[in-house]
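The values are calculated or read from the model by the stated rules, or taken from the named source; none is laboratory data. As the structure is a computational prediction, the values presented were derived from the model and not from experiment. Here the Cβ positions follow ideal geometry from the backbone for every residue, glycine too, while neighbour counts run over all protein chains shown. When the accessible area is computed, the model is the full protein with side chains, heavy atoms only, and any ligands, DNA or RNA have been set aside. Shrake-Rupley method; radii C 1.70, N 1.55, O 1.52, S 1.80 Å.
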Amino acid sequence: MTTAPTASKIFSDRIGRIEVSATMAVTAEAAKLRAQGAKLVDFGAGEPHFATPRHIKDAAIQAINDNFTRYTTVAGIPEVRKAIVERHACDFGSDYSPEEAVFTTGGKLALFNAIQVLVDHGDEVILPVPYWVSFKDIIQYAGGKVVFLETSEAENFRITADAIEQAITPRTKAIILNSPSNPAGSVVSPADLERIVRLAHERNIYLLLDECYVYLQYTGALVSGGSFTDAKEHLVVLGSLSKTYAMTGWRAGYALGPKAIIAAMSKLQSQSTSSTASFVQKAAVAALSSSQECVAEMRADFLKLRDRILGRLAEIPGVTCTKPEGAFYVYPNVSAYLGRPGAQTAMELATRLLHEAHVVTVPGEAFGTKEHIRLSYAVSHENVDEGVDRMKAFFAKL
Ligand code: GLU
């Protein structure tokens, strides 16, 4: 008689090494409540509240009407690869060729594929904390060992070259650098960035630069690690059109890196998604090659929203918050309200905020810290006020 396989026999080891993305789980939970009629203020998954600019939508519609609806080459049509490298060269002084660019189904897939082609079982990958939810799981899925690198809240969670240097061992294969960072909005200083790039290059370590928020820096100049052309051999720039052009649902991302790495990522893509949607590539060309005025306009509004939410959060007794220098998240410390019945952890607090105050947030545990919740302020100014009003009332009763 045969016995039914146990769960551990059904599933591969690697699927057991990851969890459901917390941002996606929160999105699903919020959608459920919304379907039941709840009027939520959504500070959950970060996505611009703006509509995708008209000229980008028009390019996609035009492509569909022109029947540009078939498979394309896996790494992307020549125009989109060219548009990616030209945009980056123009904004950051890099010198990639189109063969050093691949267009992917969202920035997340660029990261996923880069890790899969570079990281082997037991390889160490340095990951600064707090980290965006998916880094840890994607590294673990590949069999890599995550080396968590603590940062200091008093120092704005800023990542320094000294800290990275200390975390390097002979097994270090890669370093993840996400600047501006999600969830804390911290930005690596230009001097540290240069040192980290040089360090990676000299030690033969790959530096994975997650630059999804590269156009949302509020410190003055826009800086990309990809501008250090002499260290190119060890750099992989991971980019996204989601945040820059309000295109989260289009799933449009890219990677820039050494030809061999890009070819390996394209090979992997050829066995999974193949190319991205054909008409999304045409929309991406329009986004990257047209006037960038829309980007500047959205950035200006995000900056106002940041200041507004920081000011409003300061009204909640006991809640403190670092000042983000980029991206569109705040990462308030709510430890004053934790350790109480019904709100032992940030996870419990976020769950209660959702169900009792109808405010969507993501608990800090998802980003590797226990005392915070993350709020995306990519919402309207009215929603910032409404959401914080609800939080104030909720915290007052805790
Ligand atoms: N920027 C989004 C967030 O962190 C990404 C969502 C995701 O793909 O997990 O909320």
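Checking PRO341 against (1) over 21 Å from GLU150 (Cβ atoms); (2) modelled with pLDDT of 95 or more; (3) open to solvent by 50 Å² or more (accessible area, probe 1.4 Å), only one condition comes out false. Which one? Single failed check for PRO341: (2). If you filter the range 94-114 down to residues that are open to solvent by 20 Å² or more (accessible area, probe 1.4 Å) and under 16 Å from the mean Cα position of the chain (by Cα), you find that the one that is nearest to the ligand (Cβ to nearest atom) is LYS108. Please state which one of ALA264, ALA300, ALA231, ALA277 is surrounded by fewer than 22 Cβ atoms within 10 Å (Cβ to Cβ) and without any contact (Cβ under 8 Å) to a residue 12 or more places away in the chain. Matching residue, one of ALA264, ALA300, ALA231, ALA277: ALA300. For the range 239-261, the candidate set comprises residues that are outside any loop (DSSP other than H, G, I, E, B), open to solvent by less than 50 Å² (accessible area, probe 1.4 Å) and of a type outside the set (Gly, Ala, Ser); within that set, the residue that is farthest from the ligand (Cβ to nearest atom) is ILE261. The helices (runs of 4 or more DSSP H) found entirely in the range 122-225 that carry 1 or more residues being at negative phi, within 16 Å of the ligand (Cβ to nearest atom) and among the β-branched types (Val, Ile, Thr) are 133-141.
Going through the range 171-196 one residue at a time, which ones are open to solvent by 50 Å² or more (accessible area, probe 1.4 Å) and touching a strand residue (DSSP E or B) at 6+ places or on another chain (Cβ under 9 Å)?
Narrowing the range 171-196 to residues open to solvent by 50 Å² or more (accessible area, probe 1.4 Å): 171, 173, 190-191, 194-195.
Selection gives ARG171, LYS173.
The rows are residues; the columns are (1) touching a Phe, Trp or Tyr at 6+ places or on another chain (Cβ under 8 Å); (2) free of Cβ contacts under 8 Å to residues at least 24 places away in the same chain.
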site	(1), (2)
LEU149	no, yes
SER152	no, yes
GLU165	no, no
LYS173	yes, no
PRO180	yes, no
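Restricting TYR141, TYR131 to those that are of a type in the set (Ser, Thr, Tyr) and within 21 Å of SER266 (Cα to Cα) reduces the list to TYR141.
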